[in-house]
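First up is the structure itself, then whatever we jot down about it.
The values are calculated or read from the model by the stated rules, or taken from the named source; none is laboratory data. Keep in mind it's a predicted model, so treat the numbers as computed, not measured. A quick note on method: Cβ atoms are made from the backbone with ideal geometry, for glycine too, and the neighbour counts reach across all protein chains shown. Side chains are part of the model used for accessible areas, which takes the heavy atoms of the whole protein and leaves out ligands, DNA and RNA. Shrake-Rupley method; radii C 1.70, N 1.55, O 1.52, S 1.80 Å.
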Amino acid sequence: MDQGLAAILGAAVGAIATGTAALVTAMSASRLNKNKARQEACLAYLTLVARIRVALVDLSRHFRPDLTDLYEPLDAATARARTADIDAQYHELITEHAVLMLAGPRRVYRQAVRTTDLVAEPLTLATRWSASQEPSPAASPAPSAVTSEQLQAFDRAMAALAQGLAQFADTAREST
């Protein structure tokens, strides 16, 4: 074989190898960036759901007659303000769906929607409780109008939310 032809073939093979290596590196970096974006989106969603869950549990403590020694009942204005804060976080949670939809995969997004739906029930109960608080004179706390059946319904809804949160975490872990 002629040395010139060997040099040309060697250069061609080298160029192909270099191009292939660059392509593989770029694809790998792209995949890593996409996985990182998914993980960050899932973490943001999980963090927000966890904050909402903690806020709902904290709010419910003020409506429980068996815990009045530890947590004094809230006045009507404070109860409504806390519920409004949780509701604002809930709306933020819904906007996180768009991020999860773009980050993919679809099963993570669908599980996020199911989990967000599970937030709605205890939030609705807490909103009703807060709205039922009568404004009381001189900033003294209003007596709680929450029945034990309503508290049991809230506890069931919170247990379902905890299970949904765990399912979302499992789905996200399997998908990233």
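Values for this structure:
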{"quantity": "Top-ranked residue of the range 72-98 - restricted to ones that are at pLDDT below 85 and charged (D, E, K, R), ranked as most open to solvent (accessible area, probe 1.4 Å)", "calculated": "72"}
{"quantity": "So residue 150, is it modelled with pLDDT of 90 or more and either open to solvent by 60 Å² or more (accessible area, probe 1.4 Å) or touching a Phe, Trp or Tyr at 6+ places or on another chain (Cβ under 6 Å) (or both)", "calculated": "no"}
{"quantity": "Cβ pairs under 9 Å, 6+ apart, first in the range 77-103 and within 18 Å of residue 115 (Cβ to Cβ) and of a type in the set (S, T, N, Q), second assigned to a helix (DSSP H, G or I) and open to solvent by 70 Å² or more (accessible area, probe 1.4 Å)", "calculated": "89/51"}
{"quantity": "The listed residue being at pLDDT 85 or above and either open to solvent by 40 Å² or more (accessible area, probe 1.4 Å) or touching a Leu at 6+ places or on another chain (Cβ under 9 Å) (or both), out of 24, 54", "calculated": "54"}
